[in-house]
1. So what's Rg/Rh here for the range 69-186, counting alpha carbon atoms and using the Kirkwood radius for Rh?
2. Under a Cβ-Cβ cut-off of 11 Å, what is the net charge of the residues other than Val236 that fall near it, where Lys and Arg count +1 and Asp and Glu count -1?
3. Which value in deg cm²/dmol, rounded to the nearest 500, describes the helix-derived mean residue ellipticity at 222 nm for the chain, given -39,500 (n - 2.57) per DSSP H run of n ≥ 4 and division by the residue count?
4. Determine, at each q value in 0.12 (inverse angstroms), the log₁₀ of I(q)/I(0) that the Debye formula gives when each Cα of the range 121-259 is one equal point scatterer.
5. Given an 8 Å cut-off on Cα distances and at least 6 residues of separation, report the relative contact order of the chain as a percent.
6. Using only the Cα atoms of the range 263-346, construct the convex hull and provide its projected area averaged over every direction, in square nanometres to one decimal.
7. Taking amide H positions as placed in the peptide plane 1.01 Å from N, state which residues far from Val209 in sequence (5 or more) or on other chains have amide H under 5 Å from it.
8. Does the range 297-340 come out rounded, prolate or oblate by the C-alpha gyration tensor, with a ≥ b ≥ c the root eigenvalues, rounded set by a/c under 1.5 and, if not, prolate when a/b is larger than b/c and oblate if not?
Amino acid sequence: LDNTTILSPISLQLAESANLILAEDVYSKIDFPPFNQSGMDGYAFKFRDWEGTNPLTIKGEIPAGDYPKKKLKAGEAIRIFTGAPLPKEADTVVMQEKVSVENDRLIIRDSDLVEGAFVRKQGAQTSAGDIALKAFSKLSPAAVAFLASIGCDRVEVFPHPIVRIITTGNELQVPGMPLEEGEVYECNSFGLLAALNELGIHGKKHFTVRDHEKRITNTLKNHLDEADIVIFTGGVSVGDYDLVVKTLDTYGVRQIFHNVKQRPGKPLYFGLYKNTLVFGLPGNPASVLCCYYEYILPAIKKMMGSDDDFPITCKMPLATTISKKVGLTYFVIGKISGKEVEPLPY
């Protein structure tokens, strides 16, 4: 995280900003609600003029989107609908279920009615000039709807990173094709792409490369400069065909660390090329997703200006004993069973 920088903000249409993080405070240009507004279908009147005296005389109606043109006199009420503006002379709304109407005469049957009932006051939620949403707020569906309600059409946000996934290995075959002897189906890109989809990241591509230094170099050359994050899977250990780390060193990627005292994922590699983060993950599928959630996801969150606490952690007792080497951190797949965690094999 010390080597991860937040991405430069971009301007987006509000409709395209869902689940991103605001890069600046948003100020309201209007009061919201922009006028005293009815919160209910019913009848509007001045409470002090009524004070329990029935009946009131009904004078016209105001649907939502209309504006009252007539002044209400003492003893008068007007039919009003949810979202419609109140006449200046009215301060209370009684819901239509609590009245009876006889020949344009309104009889209110609500003993609990109080002054100001069912009226949304102008500026009650936000006043013009106030901060409507602070920087680093997540643009949830509710936040997007709120900004739209105050007339906001564009926002400055921290973007999704551009991600390139490069899987290496002579043994890899595309799912759906027949397996030759010694081959396995490539699955790591599917897991990583699915994990990135959970974040709404669309700027991602995947490439499969054989264990050949020149081919790895050419793929790196074509995509390193355009990406914010490059993720290799496979080829990061110390075998004769583990060529990724050597290729990265040759290409000028600055190694920050290689190998972590953990299982799975011990050969984990991390380096920098300018501001691009380069991760090298072991080819084991369990290692790939483990390292993604423990290392890559927090880096992505920081790039996007987010401080979400994910993955969520909690402590629970083990159902059975686990043996491990001293000094080595283990990440074990488990299943919550009742109030315990049951370690799973493999």
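The values are calculated or read from the model by the stated rules, or taken from the named source; none is laboratory data. Everything numeric here is computed off the predicted structure, so don't read it as measured data. Counting neighbours? That spans all protein chains shown, and the Cβs are built from the backbone with ideal geometry, glycine included. Keep in mind that these areas ignore ligands, DNA and RNA; they rest on the heavy atoms of the full protein, side chains included. Shrake-Rupley method; radii C 1.70, N 1.55, O 1.52, S 1.80 Å.
1. On the way: Rg = 29.9 Å, Rh = 21.2 Å.
My calculation puts Rg/Rh at 1.41.
2. On the way: positive: Lys246, Lys266; negative: Asp242.
Here the charged neighbours net out to +1.
3. Values: 7 runs with 57 residues, N = 346.
Theoretical 222 nm ellipticity from helices: -4500 deg cm²/dmol.
4. -0.65
5. Numbers: 691 pairs, mean separation 63.0, N = 346.
The normalised contact order for the chain reaches 18 percent.
6. Details: hull surface 28.5 nm².
Result: 7.1 nm².
7. For Val209, whose amide H was placed from the backbone, the distant partners under 5 Å are Thr167, Thr168, Gly169.
8. Details: a/c = 3.89, a/b = 1.74, b/c = 2.23.
Because a/c hits 1.5 or more and a/b fails to exceed b/c, the range 297-340 counts as oblate.
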